[in-house]
């Protein structure tokens, strides 16, 4: 139990002695970095060596975070989506250098006939902002939003630069999976990745799991009025960043709306994965050398996934980012992972990654969102403690 400045947290779970410092960092996050409810899991050489949880799943109701509490992880979901696409690549069903229109003919509209799959998976397709006016029901229904993407012109000339496709990444990749397999991305993930690995993770949450979902707490507004004004200008509805992050049609600001059942039940593959830290870490452990004899992707596919495809100033975020095939790479991935890591962070603070050289799979989930364009100090403290344990 750690107590400081009248903040007290009781940490539950297990940690192997070598990784005891991870438990200390996890507890400190509640005292020093504002965690309300959270979980962290680490696999090393295929073994679960850290499995921790603490705090409140619902601050208003006082419900504790338990071993099986689920959390919405936003773009940490993209790692699951990328893994689905790469399974199709290694089976010869999806060609990264083929035009998207080969699999999805309607996509050829408005000058997009030659945009290759590879560009969609590394944020160079020029379709970061979904154009047109859509209702929430239309977006959650899938077909209307993918039809809008297929019909629109690019935001910039595809291939000339990269910019974070915060939501469209999932719909484009998901529609490719659907056209190739005949099933939705959420179903494909459930059948081919989650089921074999036994993952407590969904893209499209069943109603039976809804009571286990932690209540998301939006990030507090900055106290400094000048910072608030700057964010309003950067994220305004007429800016590319605002249209991407809050779009389509300004429907998806990061607030309490994400606690609605409708947003959990639909498939939004860039944004609404829900699961445990243990599931995130286990999925990445399967990519970092295997877990329980299961290797979701072959080593050559993982090597491909980690090959830099886009690097430098991001046309959407205005910061340097680096992407492989579907995955974010250091130093953009987070504040702390080694250069050999690959994975994806999520808005507000969640993080999942694999490091094959260190044979690590890492997952951190939480319900208190925090602002931080360049990384989150909570996950950074945990990752630093993990690597320090390995080097001790």
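Pull up region 8-55, narrow it to residues that are in contact with a strand residue (DSSP E or B) (Cβ under 8 Å, 6 or more places away or on another chain), at positive phi and outside any strand (DSSP E or B), then point me to the one that is modelled with the lowest pLDDT.
Checked region 8-55; the qualifying residue modelled with the lowest pLDDT is 34.
In region 335-349, how many are touching a residue at least 60 places away in the same chain (Cβ under 8 Å) and closer than 17 Å to residue 255 by Cβ? Write out each step before concluding.
First, the residues of region 335-349 that are touching a residue at least 60 places away in the same chain (Cβ under 8 Å): 343-348.
Pick out the ones that are also closer than 17 Å to residue 255 by Cβ and you get 346-348.
Matching residues across region 335-349 total 3.
Working carefully through the options 87, 67, find the one that is at pLDDT 95 or above, over 20 Å from residue 196 (Cβ atoms) and outside any strand (DSSP E or B).
Working: 87 fails: over 20 Å from residue 196 (Cβ atoms).
The match here is 67.
What is the number of the single condition among (1) more than 30 Å from residue 261 (Cβ to Cβ); (2) in contact with a helix residue (DSSP H, G or I) (Cβ under 9 Å, 6 or more places away or on another chain) that residue 139 does not meet?
(1)
Looking for whichever is in contact (Cβ under 8 Å) with a residue 12 or more places away in the chain and in a loop (DSSP other than H, G, I, E, B) here; the options are 321, 307, 301. Which one fits? I'd like the intermediate steps shown before the answer.
Numbers: 321 fails: in a loop (DSSP other than H, G, I, E, B); 301 fails: in a loop (DSSP other than H, G, I, E, B).
None of the other options fit; the residue is 307.
Taking residue 92 as the residue in question, decide whether it is farther than 21 Å from residue 258 by Cβ and out of contact with any helix residue (DSSP H, G or I) (no Cβ under 9 Å at 6 or more places or on another chain). Working first, answer last.
Values: farther than 21 Å from residue 258 by Cβ: yes; out of contact with any helix residue (DSSP H, G or I) (no Cβ under 9 Å at 6 or more places or on another chain): yes.
In short, yes.
Please pick out the residue among 232, 253, 285, 303 that is surrounded by 21 or more Cβ atoms within 10 Å (Cβ to Cβ) and either out of contact with any helix residue (DSSP H, G or I) (no Cβ under 6 Å at 6 or more places or on another chain) or farther than 26 Å from residue 380 by Cβ (or both).
Values: 232 fails: surrounded by 21 or more Cβ atoms within 10 Å (Cβ to Cβ); 253 fails: surrounded by 21 or more Cβ atoms within 10 Å (Cβ to Cβ); 303 fails: surrounded by 21 or more Cβ atoms within 10 Å (Cβ to Cβ).
That would be 285, the only listed residue that is surrounded by 21 or more Cβ atoms within 10 Å (Cβ to Cβ) and either out of contact with any helix residue (DSSP H, G or I) (no Cβ under 6 Å at 6 or more places or on another chain) or farther than 26 Å from residue 380 by Cβ (or both).
Given the residues 83, 69, which is the only one that is touching a strand residue (DSSP E or B) at 6+ places or on another chain (Cβ under 9 Å) and in contact (Cβ under 8 Å) with a residue 60 or more places away in the chain? Walk me through how you get there before you give the answer.
Working: 83 fails: touching a strand residue (DSSP E or B) at 6+ places or on another chain (Cβ under 9 Å).
Among 83, 69, only 69 is touching a strand residue (DSSP E or B) at 6+ places or on another chain (Cβ under 9 Å) and in contact (Cβ under 8 Å) with a residue 60 or more places away in the chain.
Take residue 132 and tell me if it is under 29 Å from residue 238 (Cβ atoms), surrounded by fewer than 23 Cβ atoms within 10 Å (Cβ to Cβ) and at pLDDT below 95.
Working: under 29 Å from residue 238 (Cβ atoms): yes; surrounded by fewer than 23 Cβ atoms within 10 Å (Cβ to Cβ): yes; at pLDDT below 95: yes.
Spelling it out, residue 132 is indeed under 29 Å from residue 238 (Cβ atoms), surrounded by fewer than 23 Cβ atoms within 10 Å (Cβ to Cβ) and at pLDDT below 95.
Residues being surrounded by 24 or more Cβ atoms within 10 Å (Cβ to Cβ) and in a loop (DSSP other than H, G, I, E, B): count how many of those fall in region 335-348.
4
Looking only at region 350-366, how many residues end up being over 12 Å from residue 277 (Cβ atoms) and either outside any strand (DSSP E or B) or free of Cβ contacts under 8 Å to residues at least 12 places away in the same chain (or both)?
Within region 350-366, residues that are over 12 Å from residue 277 (Cβ atoms) and either outside any strand (DSSP E or B) or free of Cβ contacts under 8 Å to residues at least 12 places away in the same chain (or both) number 4.
Among the listed residues 325, 291, which satisfies the condition of being surrounded by 21 or more Cβ atoms within 10 Å (Cβ to Cβ) and under 16 Å from the mean Cα position of the chain (by Cα)?
On the way: 291 fails: under 16 Å from the mean Cα position of the chain (by Cα).
Just one listed residue meets the conditions, 325.
Picking from 310, 315, 338, which residue would you name as being over 16 Å from the mean Cα position of the chain (by Cα) and at pLDDT below 95?
Among 310, 315, 338, only 338 is over 16 Å from the mean Cα position of the chain (by Cα) and at pLDDT below 95.
Report the residue count in region 101-122 for those that are buried (at least 19 other Cβ atoms within 10 Å of the Cβ), in contact with a helix residue (DSSP H, G or I) (Cβ under 8 Å, 6 or more places away or on another chain) and either over 30 Å from residue 261 (Cβ atoms) or at pLDDT below 95 (or both).
Total satisfying the criteria: 7.
The values are calculated or read from the model by the stated rules, or taken from the named source; none is laboratory data. As the structure is a prediction and not an experimental result, all values here were calculated from the model. Note that each Cβ is placed from the backbone with ideal geometry, even for glycine, and that neighbours are counted across all protein chains shown.
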